[in-house]
Amino acid sequence: MIRVTDVRVAIDGTEILHGISFEVGDGVVAGYVGPNGAGKTTTMRLLTGGLPPNAGRVEVGGVDVVADPVEAKRRFGYVPEHGHVYESFTPNEYLTFIGRMHRLDEARIRDRSAAHLEFWGLTDSADRSMVGFSKGMKQKVLLSAALLHDPPVLLLDEPLGGLDAHAVLQTRALLRTLAARGRTVFYSSHLLDAVEKVADLVVVIRDGQILQVGSPEEITASGGGVSLEDAFGKLTAAADAYDLAEALVAEAFA
Ligand SMILES: Nc1ncnc2c1ncn2[C@@H]1O[C@H](COP(=O)(O)OP(=O)(O)OP(=O)(O)O)[C@@H](O)[C@H]1O
């Protein structure tokens, strides 16, 4: 589970999150959506212990991330938006390094690494340096690393970056299977159709405030029932995107 209660965050004296609250239960895939600058990455930094709240409480996997940061870090796996692998490592070396940090025994690291790399079709590349890897291949290694210690909570920031259509389908299947086994998935993304296809719960944030929490169907219905994208546009945009585009083209390309 993830529980965020009345959290406020200020950076350099400016409040960015204005008392946000939401909860994601075990076995739930939650999509965290909002326009640029809404506060998604700031929330991820809170959940991963990278940024302390100025007020309120953040719990991940049942652990308060401020009171017990070391135990909280055992409870989640995290794939950041711009994650880095050590490119001079091979996937096996990298996953071994991550597994040892989590104090997994060597046999378990070997078996789990092999299973993850096979799932992603990377078995033949397991002992090659990652210097020449594509963005998608590195993303698959990062996803494997985040899951290696079998955490109860998976935190993903734009997880589909660089992944091809097949890998997107695999990711979706993996997230749904993890949720079916009781894991909590918290998935931050701009890609509404991707969120709609995988999430049980959607949390909408704008300007550091939670606007709505509900199933994709509930949020779609609240916006008039056309689509999640339409409801999102109504919730988060000050004006219609087509009107703004018309105004821009009329002015900038006259
Ligand atoms: N280190 C910082 N110093 C000052 N302001 C910051 C800092 N980090 C974030 N902000 C501000 O906080 C707000 C939320 O930023 P955040 O990066 O969390 O948004 P986001 O929803 O992840 O946006 P995007 O979709 O563009 O990645 C923005 O107004 C941003 O300018």
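Given the -39500 (n - 2.57) contribution per DSSP H run of 4+ residues, what per-residue ellipticity at 222 nm results for the chain, rounded to the nearest 500 deg cm²/dmol?
The helix contribution divided over the chain gives -12000 deg cm²/dmol.
So, how do all the Cα-to-Cα distances of region 152-203 break down into 10 Å bins, in percent, from 0 on up?
The distribution over region 152-203 is 25, 62, 13, given as percents.
Taking the Cα centre of the chain as origin, sum charge times position over the Cβ atoms of Lys and Arg (+1) and Asp and Glu (-1), and report the length of that vector in debye to the nearest 20.
Dipole size: approximately 920 debye.
Please report, in whole Å, how far the alpha carbons of the chain spread along each principal axis, starting with the longest.
Here the spans come out as 59, 46, 37 Å, largest first.
Apply the a/c threshold of 1.5 to the C-alpha gyration tensor of region 88-189 and tell me whether it is rounded, prolate or oblate.
Verdict is oblate for region 88-189.
Quick check: from the Cα gyration tensor, does region 1-73 come out rounded (a/c under 1.5), prolate or oblate?
Oblate shape, in that a/c is at least 1.5 and b/c is the bigger or equal ratio.
With θ taken as phi - 60° and the coefficients 6.51, -1.76 and 1.60, list the Karplus ³J(HN,Hα) couplings across region 218-228 in order, rounded to whole Hz; mark glycine and proline as x.
Going residue by residue, I get 5, 5, 4, 5, 5, x, x, x, 7, 6, 5 Hz, with x marking Gly and Pro.
For region 141-254, taking Cα atoms only, what is the radius of gyration to one decimal and the Dmax to the nearest whole Å?
That works out to 17.1, 57 Å for Rg and Dmax.
If you average the C-alpha positions of region 1-69 and of region 169-209 separately, how far apart do those two centres end up, in angstrom?
Here the two parts' Cα centres lie 16 Å apart.
Quick one: work out the % antiparallel among DSSP beta bridges in the chain, nearest 5.
Close to 55 percent.
Each reported figure results from applying straightforward, stated rules to the coordinates on display, with no laboratory input. Predicted model, so just to flag it, every value in this text is computed and none were measured. Neighbour counts run over all protein chains shown; Cβ positions are idealised from the backbone, glycine included.
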